[in-house]
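The values are calculated or read from the model by the stated rules, or taken from the named source; none is laboratory data. These numbers were taken from a predicted model, which means no experiment stands behind them. Ideal geometry is used to build each Cβ from the backbone, glycine not excepted, and the neighbour counts take in all protein chains shown. Quick note on the areas: whole protein, heavy atoms, side chains included, nothing else; ligands and nucleic acids left out. Shrake-Rupley method; radii C 1.70, N 1.55, O 1.52, S 1.80 Å.
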Amino acid sequence: MDWGMKSRMARIINPDTGKAVMLAFDHGYFLRPTHRLEEPRKTIEPLLPYADTIMLTRGVLRSSVDPESRANVVLRVSGGTSIVGADLSNEGLTTSFKDAIRLNVAGVGISVFVGSEYERQTLLNLAELVNQGEEYGIPVLGITAVGKELEKRDARYLSLCCRICAELGTHIVKTYFCEDFEKVTTSCPVPIVIAGGPKLETEMDVFEMTHSAIEQGAIGVDMGRNIWQNDHPVAMLRAIRSIVHENNSPKQAHDFFLTVREEESRKVASA
Ligand code: R5P
């Protein structure tokens, strides 16, 4: 691996722990202004100090993130479809490498839709992105998207998707947690991070999922709604961070969540 690629990988995966806390804000690229992401700057700013990287589109990056924040960015570079359109899987590349480099990205991310009508197109998009990523020293995050078909998230399907991404040269894979998740991680020779999916019922559910994913071989998270749709997003992110980087148990993470939540409430009361 060349110096630039290694250096960027170290901006995504902390070399001290071998783990990654990525925070996803890219939902608006195909969804409506998602609940609690209606005004991106308001959601993103308080969380920036606790994320290793943020994942979003160039439009939200330029409009809603201060360049002096020193945020590490994984840029979403696929799109072209919407939740009300004919087929979410019909994605193309939306952003040039020239623009990604201008934005000083740590990496780029793209969805693949295995088993969909546009499987071939999205996989070739990924392969082309890897070709360019290798040329410029920019890691590629392959995202195993399921569109509206959330029920697809099982070990058999996800291990197929993750393995294909790895075979095509992606440097990190983002997928969903599922039963028998170890089957997914052991058959994927590149690091895996998990998305959170729609908001779970309790904080403990999120901590347990994160902990199990790490225990079964994930190197971290690239999570969105389960953090910033919570009433206490900073406390949520810091608690998840404690699982990923400090190996906290779900119970320890929950105690930490309550402590940070209390601190935050005191700060608000005294302001
Ligand atoms: C989905 O393809 C988007 O890229 C999201 O970034 C991803 O689903 C992670 O967000 P969440 O944890 O809200 O599912």
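Going residue by residue through region 186-209, is there one that turns out to be within 13 Å of the ligand (Cβ to nearest atom) and of a type in the set (Lys, Arg)? The answer is yes; a qualifying residue exists.
Tallying residues that are among the hydrophobic types (A, V, I, L, M, F, W, C) and open to solvent by 30 Å² or more (accessible area, probe 1.4 Å) within region 191-203 yields 1. For the residues Leu126, Leu158, the requirement of being under 19 Å from Cys188 (Cα atoms), in contact with a Leu (Cβ under 6 Å, 6 or more places away or on another chain) and crowded, with 16+ Cβ neighbours inside 10 Å singles out Leu126.
Tell me, which residue of region 85-105 that is open to solvent by 30 Å² or more (accessible area, probe 1.4 Å) and assigned to a loop (DSSP other than H, G, I, E, B) is nearest to Leu129 (Cα to Cα)?
Ser96
For region 56-75, a residue qualifies if it is on the phi > 0 side of the Ramachandran plot and either touching a residue at least 40 places away in the same chain (Cβ under 8 Å) or acidic (Asp, Glu) (or both), but none of them does. Residues in region 22-39 that are closer than 25 Å to Ile101 by Cβ and open to solvent by 30 Å² or more (accessible area, probe 1.4 Å): Gly28, Tyr29, Phe30.
Report, by residue number, each residue of region 211-245 that is touching a residue at least 12 places away in the same chain (Cβ under 8 Å), farther than 13 Å from Leu23 by Cβ and either open to solvent by 30 Å² or more (accessible area, probe 1.4 Å) or within 16 Å of the ligand (Cβ to nearest atom) (or both). If you could, list the steps in order and put the result at the bottom.
Narrowing region 211-245 to residues touching a residue at least 12 places away in the same chain (Cβ under 8 Å): 211-214, 216-230, 232-245.
Narrowing the set further to residues that are farther than 13 Å from Leu23 by Cβ leaves 211-214, 216-219, 232, 235, 239, 242-243, 245.
Across region 211-245, the qualifying residues are His211, Ser212, Ala213, Ile214, Gln216, Gly217, Ala218, Ile219, His232, Ala239, Ile243, His245.
In region 100-119, the residue that is farthest from Ala86 (Cα to Cα) out of those that are under 18 Å from the mean Cα position of the chain (by Cα), within 16 Å of the ligand (Cβ to nearest atom) and small (Gly, Ala, Ser) is Ala106. Scan region 159-167 and tell me whether some residue there is in contact with a helix residue (DSSP H, G or I) (Cβ under 6 Å, 6 or more places away or on another chain), in contact (Cβ under 8 Å) with a residue 40 or more places away in the chain and over 28 Å from Met236 (Cα atoms). No, region 159-167 has no match at all. Note on region 131-155: residues that are closer than 30 Å to Met1 by Cα and crowded, with 21+ Cβ neighbours inside 10 Å total 9.
If the condition is being of a type in the set (A, V, I, L, M) and under 20 Å from Gly197 (Cβ atoms), then region 148-170 contributes Leu150, Ala155, Leu158, Leu160. Using beta carbons and a limit of 6 Å, which pairs, at least six apart or on different chains, have the first residue in region 90-107 and hydrophobic (A, V, I, L, M, F, W, C) and the second one open to solvent by 20 Å² or more (accessible area, probe 1.4 Å)? Going by the 6 Å Cβ cut-off, the qualifying pairs are Leu93/Asn125; Phe97/Gln132; Phe97/Tyr136; Ala106/Arg8; Ala106/Arg11; Ala106/Asn72. Right, Glu182: more than 19 Å from Ala24 (Cα to Cα) and over 17 Å from the mean Cα position of the chain (by Cα) or not? When the stated conditions are applied, Glu182 passes them.
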